[in-house]
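Just below is one structure, and these are the notes that go with it.
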Amino acid sequence: MKNVRLVGMKEQQLHSMQNYIDALKIILESSDNTHLNGHIAPVVADWPGQLFIRKALVHLHIQEQSARNLIPSNIRSFIPILGPLHVSLNSREQVILVHYSFFKLLFHFLFGERVKLAKKPKPWRINLLLELAYSGWMNIRTTIKNKFGPICKDIEYQIVFDLLDNLILATLDIYAILFRFGSFDKYIKTIFRIWTFALC
């Protein structure tokens, strides 16, 4: 936290666009905000922060009459970005949701048919399933690759191989290893891989 300066603290609900505008006004109204002139200030935010700050910027851009009074013009300096931790958490959940049928079979194989897997599992269960799937894959990876080889074009094999060999590792490593240890080039490549998965 070197070179970080606390400019204000105020409890907010952060459930609407106006709540986010009020929070940004704390920064804008601080005594020394000249560093924002002509520069961009990233705001690391989760989904509501992304949505409401972008909505405020769009309202300001199209110059709606009501927005002129509510939204300060120097809010243009703020650009919401999704932080590495949110990328990791969101991508883990997305991998489970997209490949739910696979993880449901894995879950029932490990814990029995009577135990139910929620349609949207809790984060600890998502992490457990991803870690178990990846650990199991590491035990059989060489055997599977030798059996099917690199020329197998079966779509189900390709999807499962990509899930086990690429996606799970990317979502597990993006924050805990790549970001926290400063492997910037690998971090950017992994972000691109996760973005490609989200786009598909």
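Helix 100-111 and the long axis of the chain differ in direction by around 60°, with both axes built from C-alpha atoms.
Residues 9, 138, 17, arranged from fewest to most other Cβ atoms within 10 angstrom of their Cβ, appear as 9, 138, 17.
Of the candidates 76, 141, 114, which one comes out as most mobile in a Gaussian network treatment of the chain with C-alpha springs shorter than 10 Å? Top of the fluctuation ranking is 114. Can you give the FRET efficiency for residue 127 and residue 29, using 1/(1 + (r/R0)^6), R0 = 45 Å, r = Cβ-Cβ distance, to the nearest 0.05? Efficiency computed from Cβ-Cβ geometry: 0.65. For the stretch 170-200, the list of chymotrypsin sites (Phe, Trp or Tyr not before Pro) that fall in a loop by DSSP and count at most 16 other C-beta atoms within 10 angstrom reads 181. On the beta carbon distance between residue 147 and residue 196, with R0 = 25 Å, the FRET formula returns roughly 0.40. For a Förster distance of 25 Å, can you work out the FRET efficiency between the beta-carbons of residue 55 and residue 90, rounded to the nearest 0.05? In this case the efficiency is close to 0.80. Of the labelled options (i) 17.5; (ii) 20.7; (iii) 20.2, which one gives Kirkwood radius over Cα pairs in Å as computed for this structure? It is the value labelled (iii).
Restricting attention to the chain, lysine pairs at least eight places apart or on different chains and with alpha-carbon atoms under 21 angstrom apart total 7. As a proxy for reagent exposure, ranking 7, 95, 43 by other Cβ atoms within 10 Å from fewest up yields 7, 43, 95. Taking other residues whose beta carbon is less than 13 angstrom from the beta carbon of residue 200, and scoring Lys, Arg as +1 and Asp, Glu as -1, yields 0.
Read-outs throughout are calculated quantities, based only on the coordinates presented, and are distinct from any laboratory measurement. What you are looking at is a predicted structure, and each value in this text was computed from that prediction instead of being measured. Note that each Cβ is placed from the backbone with ideal geometry, even for glycine, and that neighbours are counted across all protein chains shown.
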